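So the structure is just underneath, and the comments pick up after that.
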Amino acid sequence: MMTAENKQKEITTYIEQTLYFLSNKADLEKFETMLQKNIDEKRASSTSTTDFYDRLMLNIAYYVENKMAWTDLVRETLSTGKVPTVSYIENELMAQQMQIRNSVGEKMDDYKKAFHQQYEALKVEDEDVIYDYAYASVEHAYRIDFLTVACAKNATILTEGDIEETIKLLDGYMAYYTDQLVNKMTLS
């Protein structure tokens, strides 16, 4: 009989191996090019440095809200003891992203007000906001890819442990691999 501790170790191994696979599969040059293009477009369409930062920060807010929705989706689906289908996950994520896009749009003025206080208090510079934007973007991609792979491979192991511990492990490993990838990029 497998103990809860051994089951959690199996889950940890699955998470680590899957994210290692995804990180090795990640095309650094493609990610960097896409992110730089987005940064350049936001910079070119901005009316000031603050406006440029706001545009990147609003994207970060979108990714943060997506992370919360993703976590809720993982909690809700995997705690049932069954791995959902890829199509179910894709549909749920798409619906959530549309709602989040609207939500961020509705709260834009409040977000900007909070951002402006942070810019001053933290003496924010371009590289700070660009790094945070790149980090949030890459982490978002890892989250979507991880869940897609886990569902495609019917990774029932993820349903067998303590879901809160599994979510903490996912967060930790995603942070590690995201940091590794973003620190290899040269963005400006």
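The values are calculated or read from the model by the stated rules, or taken from the named source; none is laboratory data. Quantities reported herein were computed from a predicted structural model and do not represent experimental measurements. Here the Cβ positions follow ideal geometry from the backbone for every residue, glycine too, while neighbour counts run over all protein chains shown. Only protein heavy atoms, including side chains, enter the accessible area calculation; ligands, DNA and RNA are left aside. Shrake-Rupley method; radii C 1.70, N 1.55, O 1.52, S 1.80 Å.
Yes or no: residue 71 of a type in the set (Ser, Thr, Tyr) and open to solvent by 30 Å² or more (accessible area, probe 1.4 Å)?
Details: of a type in the set (Ser, Thr, Tyr): yes; open to solvent by 30 Å² or more (accessible area, probe 1.4 Å): no.
The answer is no for residue 71.
Give the residue, chosen from 33, 18, 50, that is closer than 18 Å to residue 152 by Cα, over 15 Å from the mean Cα position of the chain (by Cα) and at pLDDT 95 or above. Steps first, please.
Details: 33 fails: closer than 18 Å to residue 152 by Cα; 50 fails: closer than 18 Å to residue 152 by Cα.
Among 33, 18, 50, only 18 is closer than 18 Å to residue 152 by Cα, over 15 Å from the mean Cα position of the chain (by Cα) and at pLDDT 95 or above.
Say whether the condition of being open to solvent by less than 20 Å² (accessible area, probe 1.4 Å), within 12 Å of the chain's Cα centre (by Cα) and of a type outside the set (Lys, Arg) is met by at least one residue in segment 150-161.
If we filter segment 150-161 for residues that are open to solvent by less than 20 Å² (accessible area, probe 1.4 Å), which is where we start, we get 150-151, 155, 158.
With within 12 Å of the chain's Cα centre (by Cα) added as a condition, the list becomes none.
Looking for residues that are open to solvent by less than 20 Å² (accessible area, probe 1.4 Å), within 12 Å of the chain's Cα centre (by Cα) and of a type outside the set (Lys, Arg), one finds none in segment 150-161, hence no.
Can you list the helices (runs of 4 or more DSSP H) found entirely within segment 47-147 that contain at least 3 residues being in contact with a His (Cβ under 9 Å, 6 or more places away or on another chain)?
Numbers: elements: 49-78, 86-106, 108-122.
The qualifying helices (runs of 4 or more DSSP H) are 49-78.
Read through the list (1) surrounded by fewer than 19 Cβ atoms within 10 Å (Cβ to Cβ); (2) within 20 Å of residue 62 (Cα to Cα); (3) at pLDDT 95 or above, then give the number of the only condition that residue 183 fails.
(2)
With the requirement that a residue be open to solvent by 50 Å² or more (accessible area, probe 1.4 Å) and over 17 Å from the mean Cα position of the chain (by Cα), what does segment 87-110 give you?
87, 88, 91, 102, 106, 107, 108, 109, 110
Filtering segment 1-60 down to residues that are of a type in the set (Val, Ile, Thr) and within 30 Å of residue 109 (Cβ to Cβ), which residue is most open to solvent (accessible area, probe 1.4 Å)? Please lay out each step first, then the result.
The first filter runs over segment 1-60 and keeps only residues of a type in the set (Val, Ile, Thr), leaving 3, 11-13, 15, 18, 33, 39, 47, 49-50, 60.
So of that shortlist, the ones also within 30 Å of residue 109 (Cβ to Cβ) come out as 39, 47, 49-50, 60.
Details: 39: 0, 47: 125, 49: 82, 50: 58, 60: 21 Å².
Filtering segment 1-60 for residues that are of a type in the set (Val, Ile, Thr) and within 30 Å of residue 109 (Cβ to Cβ), the one most open to solvent (accessible area, probe 1.4 Å) comes out as 47.
Restrict the check to segment 49-69 and report whether at least one residue is touching a Leu at 6+ places or on another chain (Cβ under 9 Å) and aliphatic (A, V, I, L, M).
Within segment 49-69, the subset touching a Leu at 6+ places or on another chain (Cβ under 9 Å) is 66, 69.
Then keep just the ones that are aliphatic (A, V, I, L, M); that gives 69.
The answer is yes, given that some residue of segment 49-69 is touching a Leu at 6+ places or on another chain (Cβ under 9 Å) and aliphatic (A, V, I, L, M).
Pull up segment 128-138, narrow it to residues that are in contact (Cβ under 8 Å) with a residue 12 or more places away in the chain and open to solvent by 20 Å² or more (accessible area, probe 1.4 Å), then point me to the one that is farthest from residue 185 (Cα to Cα). Spell out the reasoning first.
Our first condition is that a residue be in contact (Cβ under 8 Å) with a residue 12 or more places away in the chain; within segment 128-138, this holds for 129-138.
In the following step, the residues that additionally are open to solvent by 20 Å² or more (accessible area, probe 1.4 Å) were identified as 131-132, 135.
Numbers: 131: 9, 132: 12, 135: 10 Å.
Out of the qualifying residues, it is 132.
Name the pairs: first residue in segment 5-28 and touching a residue at least 60 places away in the same chain (Cβ under 8 Å), second residue charged (D, E, K, R) and part of a helix (DSSP H, G or I), Cβ to Cβ under 7 Å, at least 6 apart or on different chains?
Cβ pairs passing all conditions: 8/165; 22/145.
Out of 132, 171, 162, 126, report the one residue that is out of contact with any Gly (no Cβ under 9 Å at 6 or more places or on another chain), among the acidic types (Asp, Glu), more than 19 Å from residue 39 (Cα to Cα) and at pLDDT 95 or above. Can you show your working first?
On the way: 132 fails: more than 19 Å from residue 39 (Cα to Cα); 162 fails: at pLDDT 95 or above; 126 fails: more than 19 Å from residue 39 (Cα to Cα).
Result of the check over 132, 171, 162, 126: 171.
Give the number of residues within segment 162-180 that are open to solvent by 60 Å² or more (accessible area, probe 1.4 Å) and under 23 Å from residue 5 (Cα atoms).
Initial filter on segment 162-180 (open to solvent by 60 Å² or more (accessible area, probe 1.4 Å)): 162, 164-165, 168, 176, 180.
Keeping just the survivors that are under 23 Å from residue 5 (Cα atoms) gives 162, 164-165, 168, 176.
Total satisfying the criteria: 5.
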